[in-house]
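What follows is one structure encoded as structure tokens, with my remarks underneath.
The values are calculated or read from the model by the stated rules, or taken from the named source; none is laboratory data. No experiment lies behind these values; they were computed from the predicted model shown. Counting neighbours? That spans all protein chains shown, and the Cβs are built from the backbone with ideal geometry, glycine included. These accessible areas exclude ligands, DNA and RNA; they are computed on the full protein's heavy atoms, side chains included. Shrake-Rupley method; radii C 1.70, N 1.55, O 1.52, S 1.80 Å.
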Amino acid sequence: LEIGEVTIHPGRHEVRVGAARVDLTRTEFRILQFLASRPGWVFTRSQIVRAVHGDDYPVTGRSVDVQVAALRRKLGPSGDLIQTVRGVGYRIGG
């Protein structure tokens, strides 16, 4: 998957921004991959938690905010690709 300067290699569990490799946690990688699978689509925090951890995972929506903040920081300037949709959730691109 490619979104702007970000390239996601699911089989290798690898993310690159330009030529630089970005080290992500498993959860950060899965959130990025989930959002990038449907650019422009807006997902609620609950949808993100279900997609990343499954239905029975006891985590709050605010945990998603913390993970997204870390993900944006690690992606540097490309972190702006992850957009907050106030009162709804997050999307990538679009």
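Taking every DSSP helix (H) stretch of at least 4 residues in the chain, weighting each as -39,500 (n - 2.57) and dividing the sum by the residue count yields a mean residue ellipticity at 222 nm of -11500 deg cm²/dmol.
With the alpha-carbon atoms of the chain aligned to their principal axes, the span from lowest to highest coordinate is 36, 25, 21 Å, starting with the largest. Remark: accessible surface ordering of Asp56, Asp65 (largest first) is Asp56, Asp65, probe radius 1.4 Å. Accessible surface of the chain, 1.4 Å probe: 48 percent of it comes from carbon and sulfur atoms. Computed from the Kirkwood radius of its Cα pairs, the Stokes-Einstein diffusion coefficient for the range 39-88 at 25 °C and 0.890 mPa s stands at 210 µm²/s. With contacts taken as Cα pairs under 8 Å at a separation of at least 6 residues, the chain carries a relative contact order of 30 percent. Between the beta carbons of Asp56 and Glu2, assuming R0 = 22 Å, the FRET efficiency works out to 0.10 to the nearest 0.05.
Remark: the range 32-94 carries 57 Å² of accessible area per residue (probe radius 1.4 Å; ligands, DNA and RNA excluded). Using a Förster radius of 22 Å, what is the FRET efficiency between Arg16 and Arg38 based on their Cβ-Cβ separation? Nearest 0.05, please. That gives a FRET efficiency of 0.60. Return the whole-Å distance between the Cα centroid of the range 70-94 and the Cα centroid of the range 12-52. Centre-to-centre distance over Cα atoms comes out at 10 Å.
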